[in-house]
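All remarks here apply to the structure that follows.
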Amino acid sequence: MAIEYLKRGKSDADRAEDDAKTRAVVEATLKDIETRGDAAVRELSEKFDNYSPASFRLSQDEIDGLIAQLSDRELADIKFAQEQVMNFARAQRASMTDIEVETLPGVILGHKNIPVQSVGCYVPGGKFPMVASAHMSVATASVAGVPRIIACTPPFQGKPNPAVIAAMHLGGAHEIYVMGGIQAIGAMALGTETIDPVHMLVGPGNAFVAEAKRQLFGRVGIDLFAGPTETMVIADETVDAEICATDLLGQAEHGYNSPAVLVTNSRKLAEETLSEIDRLLGILPTADTARVSWQDYGEVILCDSYDEMLQVADEIASEHVQIMTDRDDWFLENMTCYGALFLGPRTNVSNGDKVIGTNHTLPTKKAGRYTGGLWVGKFLKTHSYQKILTDEAATLIGEYGSRLCLLEGFVGHAEQCNVRVRRYGGINVPYGAPAPYRDAAE
């Protein structure tokens, strides 16, 4: 096997050091929010966003005023994108059905899909107003039937961004707050004097937002670990360097720590893509960000075979995987660890990010090994139930239950079963004794 790195990013050790610094900042900040509530949130907003309104929650009049600032075309575009996301979410929701089955005569088992009762949706927006993130979290939660949806987004250039607020409102948010970063995550999860805490947090964000969600997990539910964006391009000589370089830098502009990786079996394509990236960084308006990200986190990996490309891709488990080869469906069939796939040169990660309908809140930092992305099912809890309709069924299950409980040494558990055997089966089982086998009783 000959996997060759033509370019490497930061080492794992350096990345771990960055993560440790982030953890410490987040831990101290969350403790401050929990202790001082609204006062801490306001200080953090003033410090990081230079924003301190009379109320962080927008009134209906303020929401209406912001939406009125959008052109008819802008509003129509937002509604179009939101409808694509909701259409796919509705189809996904329809695939999740409640069930009830009779597993034995008189024994009924079932489950119900119940919406999470309150959700906090974080919509990034300090550097770029992430309009699409509101569709992905707020609108999807609305399709799931969540009865209380609150949404937070940081101010953009010192004030609420009209397009983001419109997407939140049209998506079904019941409360909208203009606040960002750790203070927004902490306020939604922990609650303050003016914000009731939620049961679950969802939405992407920077490293501090992702770490805050990680530290709060357990106290509240989270969708997944969705930190700084990641992208991978898997390509062979069926495509050229321009499209590969464009797809890599298109995601690297998100932030200074956005991994972008090319995996290819073509040395020619790899080398030409490196040159094309240098050319594009000379003309890309967001090059100040993308250049740092590419320098520190960009990688080009040259493989001998498609099997090696598949192995490398599953090991990295990137958030976005753009596949442009002569066997795209082969990768679809065989890849197991990723956030979302973008198959063929006609589509791209930006489609998924903004408009096509799949959810763009996806697992990062190898979390694709154990979870998929945000979807309508994340807002639903599947709860089981059971009921027994006949004396015969109560006796049969009670007999087995009695013996199995005592096998583990749980006498009190066994008595829960025994009392049913005595009451519904007329079988005298001494306290703390196992229920007899049927043939022995007969």
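Rounded to the nearest 10 degrees, the inclination of helix 241-252 to the longest alpha-carbon principal axis of the chain is 60 degrees. The loop-placed GluC sites (Glu not before Pro) in the stretch 1-60, going by DSSP, include none that has at most 11 neighbouring Cβ atoms within 10 Å of its Cβ. Here the gap between Trp330 and Lys381, fully extended at 0.36 nm per residue and compared with their Cα-Cα distance, gives a gain of 15.0 nm. Only one residue of Ala141, Gln84, Ala13 has its Cα farthest out toward the positive end of the dipole of the chain, where Lys and Arg carry +1 and Asp and Glu -1 on Cβ, and that residue is Ala141. Sparse packing (at most 11 other Cβ atoms within 10 Å of the Cβ) combined with a DSSP loop state is found for the following trypsin sites (Lys or Arg not before Pro) in the stretch 262-359: Arg346.
Think of each Lys and Arg Cβ as +1 and each Asp and Glu Cβ as -1; about the Cα centre, that makes the dipole of the stretch 286-442 roughly 960 debye. Compactness of the stretch 202-324 is given as radius of gyration and Dmax, 15.7, 51 Å, from Cα positions. Placing a label point 7 Å from the Cα of Arg438 along the Cα-to-Cβ line, the residues of the stretch 86-103 whose backbone N sits under 17 Å from it are 103.
With a cut-off of 14 Å between beta carbons, the residues surrounding Pro147 carry a summed charge of 0, where Lys and Arg count +1 and Asp and Glu -1. Per the Debye calculation on the stretch 51-142 with a single equal scatterer at every Cα and no solvent contribution, log₁₀ I(q)/I(0) for q = 0.19 Å⁻¹ amounts to -1.11.
Taking the Cα centre of the stretch 180-265 as reference, the dipole from Cβ charges on Lys and Arg (+1) and Asp and Glu (-1) amounts to some 600 debye. Take the chain, connect every pair of alpha-carbon atoms lying under 10 Å apart with a spring to form a Gaussian network, then pick out the residue of Met86, Met309, Met168 with the largest mean-square fluctuation. Result: Met309 has the largest fluctuation of those listed. Evaluated with a Cβ-only charge set (Lys, Arg +1; Asp, Glu -1), the chain carries a dipole of roughly 1420 debye about its Cα centre, given to the nearest 20. Per atom type, the chain shows carbon and sulfur on 52% of its accessible surface, probed at 1.4 Å. For helix 207-216, report the angle its Cα long axis makes with the longest principal axis of the Cα atoms of the chain; keep it between 0 and 90° and round to the nearest 10°. Helix 207-216 sits at roughly 10 degrees to that axis. For the pair Thr347 and Ser305, label points projected 7 Å from Cα toward Cβ lie 2.8 nm apart. Using a Gaussian network model of the chain in which every pair of alpha carbons under 10 angstrom is joined by a spring, one finds that among Leu104, Leu407, Leu190 the greatest mean-square fluctuation is at Leu407. A viscosity of 0.692 mPa s and a temperature of 37 °C, combined with the Kirkwood radius over C-alpha pairs in the Stokes-Einstein formula, give the stretch 138-222 a diffusion coefficient of 249 µm²/s.
The stretch 283-442 has equivalent-ellipsoid semi-axes of 60, 18, 16 Å, by the square roots of 5 times the alpha carbon gyration tensor eigenvalues, sorted largest first. Could you tell me which of rounded, prolate or oblate describes the stretch 241-289, using a ≥ b ≥ c as the square roots of the eigenvalues of the alpha-carbon gyration tensor, with rounded for a/c under 1.5 and, failing that, prolate when a/b is larger than b/c and oblate otherwise? Oblate.
For the stretch 301-339, backbone nitrogen atoms closer than 16 Å to the point 7 Å from Asp12 Cα along Cα-to-C-beta are found at 312-318. In the chain, helices alone account for a calculated mean residue ellipticity at 222 nm of -14000 deg cm²/dmol, with every DSSP H run of four or more residues adding -39,500 (n - 2.57).
Going by alpha carbons, how many degrees (0 to 90, nearest 10) lie between the helix axis of 162-171 and the longest principal axis of the chain? On a 0 to 90 degree scale, this one is about 20. In the context of the full set of protein chains, the stretch 157-297 has a per residue accessible area of 36 Å² (1.4 Å probe).
FRET efficiency for the Val411 to Glu272 pair, using the beta carbon distance and R₀ = 60 Å, is estimated at 0.20.
Would you be so kind as to identify which of Leu374, Ile283, Thr347 lies farthest towards the positive end of the dipole of the chain, taking Lys and Arg as +1 and Asp and Glu as -1 on Cβ and the Cα centre as origin? Value computed over the given set: Leu374.
Considering only Tyr122, Tyr256, Tyr338, the Gaussian network model of the chain with Cα springs below 10 Å gives its largest mean-square fluctuation to Tyr256.
The values are calculated or read from the model by the stated rules, or taken from the named source; none is laboratory data. Keep in mind the model is a prediction, meaning the values are calculated, not measured. All Cβ positions, even for glycine, are placed from backbone atoms using ideal geometry, and neighbour counts span all protein chains on display. All accessible areas refer to the heavy atoms of the entire protein, side chains included, with ligands and DNA or RNA removed. Shrake-Rupley method; radii C 1.70, N 1.55, O 1.52, S 1.80 Å.
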